[in-house]
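Q: Pasting a structure here, questions to come.
The values are calculated or read from the model by the stated rules, or taken from the named source; none is laboratory data. In this text the structure is predicted, and so the values were computed from the model without any measurement. Counting neighbours? That spans all protein chains shown, and the Cβs are built from the backbone with ideal geometry, glycine included. Side chains included, ligands, DNA and RNA excluded: accessible areas come from the protein's heavy atoms. Shrake-Rupley method; radii C 1.70, N 1.55, O 1.52, S 1.80 Å.
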Amino acid sequence: MKTVKAWIEAMRLRTLPVSLAGVIFALGITVKADCFAWPQALLCLVFALLAQIASNFANEYYDYRDGLDLRGREGPRRGVTEGDITPRAMLIATFLTLGVACAAGVMLVALYGRWWMYVAGVVTALGVVAYSSGPWPLSRIGLGEVAVVVFFGVVPVTLTCMLMMPSVNMIIVSASLGVGLMGANVLIVNNYRDADDDTTVGKRTLAVRFGRRFVSRLYLINGFAAVILTFGLWLALPIASWIVPIAYLVIHTLLYRALITRQGRALNPLLGMTATLMLAYAVGYLIA
């Protein structure tokens with residue numbers, strides 16, 4: 001049971017809504033355009049979910065290998081660092097999960113996509129590993145948030161739409177950036193919490209480079225910018241549906257207040273709350 005719990009923790013369930021939100025938001029766009037299709041939708045969800053789990057596994061393995069995860073850290077327990085999972089098992093799980101994700105992606109593009117989407121799939125797969133490893137791991141040089149905007153916002157929203165719709169417009173591209181900013185906020189909470197530990201091991205996240213005050217304000221700005229960037233799509237819906245972005249902003253502001261008044265492990269629930277709020281926004285748009 002201890003090993004099973006360690007593997008579940010390694011998946012980082014609190015963060016998984018981020019991978020689903022981009023696809024679900026895109027599904028709302030396809031429903032509005034009367035282009036929704038179940039096969040593409042399910043395959044997109046499977047690919048996105050497995051790609052994020054693979055990224056989480058890779059992050060745990062490579063951070064352990066490079067001595068960046070400390071025992072007794074403020075964040076959730078790391079199974080490899082604490083000895084619950086062997087490094088070899090985590091590495092194997094990383095590439096097995098990524099392999100299954102790629103198989104789903106190949107099937108998706110072969111059946112419904114265009115040839116250049118294979119390139120996008122390869123770049124996404126490389127991004128899963130490049131986030132935590134390689135000569136310039138994105139998560140360690142202050143580019144983690146940028147990677148999240150691209151791979152959890154722009155890529156899932158635009159490509160999911162392209163797999164069902166004839167084309168996408170700038171309103172959709174703008175919305176994809178907004179969804180990405182919501183996802184980046186989840187990483188900001190993580191890095192805000194871990195700033196002291198990351199400083200100790202030489203991990204140069206945005207929180208380390210510019211300080212907690214800077215990233216906490218960025219968290220607040222991102223939420224409002226996300227609603228502005230996605231609002232072009234809400235304008236095409238009944239005014240009553242605007243309760244969703246309004247509620248998002250209210251809850252987002254409350255989470256910001258909690259972010260700047262908590263420390264250490266007390267911040268862990270905010271990570272899941274931020275991810276869940278992002279998912280709720282996407283589901284709200286799909287329903288609307």
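Q: Could you grab me the full set of residues in the range 140-167 that are open to solvent by 40 Å² or more (accessible area, probe 1.4 Å) and not in a helix (DSSP H, G or I)?
A: Residues satisfying the conditions are 141, 143, 166, 167.
Q: So, one more: Within the range 254-269, which residues are open to solvent by less than 50 Å² (accessible area, probe 1.4 Å), at pLDDT 95 or above and not aromatic (Phe, Trp, Tyr)?
A: Result: 255, 258, 259.
Q: Within the range 211-232, is there a residue that is assigned to a helix (DSSP H, G or I), open to solvent by less than 20 Å² (accessible area, probe 1.4 Å) and within 25 Å of residue 65 (Cβ to Cβ)?
A: No, every residue in the range 211-232 fails to be assigned to a helix (DSSP H, G or I), open to solvent by less than 20 Å² (accessible area, probe 1.4 Å) and within 25 Å of residue 65 (Cβ to Cβ).
Q: For the range 249-267, how many residues are in a helix (DSSP H, G or I) and within 19 Å of residue 145 (Cβ to Cβ)?
A: 5
Q: Right, here's the next one. Residue by residue through the range 79-98, note down the ones that are of a type outside the set (A, V, I, L, M, F, W, C), open to solvent by less than 20 Å² (accessible area, probe 1.4 Å) and touching a residue at least 60 places away in the same chain (Cβ under 8 Å).
A: The answer is 79, and nothing else.
Q: Of everything in the range 99-110, what is surrounded by fewer than 21 Cβ atoms within 10 Å (Cβ to Cβ) and within 13 Å of residue 54 (Cα to Cα)? Give them in sequence order.
A: If the condition is that a residue be surrounded by fewer than 21 Cβ atoms within 10 Å (Cβ to Cβ) and within 13 Å of residue 54 (Cα to Cα), then 99, 100, 102 are the ones that fit.
Q: Here are 69, 34: which of them is assigned to a loop (DSSP other than H, G, I, E, B), closer than 21 Å to residue 129 by Cβ, open to solvent by 10 Å² or more (accessible area, probe 1.4 Å) and among the charged types (D, E, K, R)?
A: None of the others qualify; the one that does is 69.
Q: Looking only at residues in the range 124-139 that are on the phi < 0 side of the Ramachandran plot and more than 16 Å from the chain's Cα centre (by Cα), which one is surrounded by the fewest Cβ atoms within 10 Å (Cβ to Cβ)?
A: So, considering only residues that are on the phi < 0 side of the Ramachandran plot and more than 16 Å from the chain's Cα centre (by Cα), the one surrounded by the fewest Cβ atoms within 10 Å (Cβ to Cβ) is 135.
Q: All but one of (1) without any contact (Cβ under 8 Å) to a residue 40 or more places away in the chain; (2) of a type outside the set (Gly, Ala, Ser); (3) touching a Phe, Trp or Tyr at 6+ places or on another chain (Cβ under 8 Å) hold for residue 163, so report the exception by its number.
A: Condition (1) is where residue 163 drops out.
Q: Among the numbered conditions (1) open to solvent by 40 Å² or more (accessible area, probe 1.4 Å); (2) farther than 21 Å from residue 127 by Cα, tell me where residue 25 comes up short.
A: (1)
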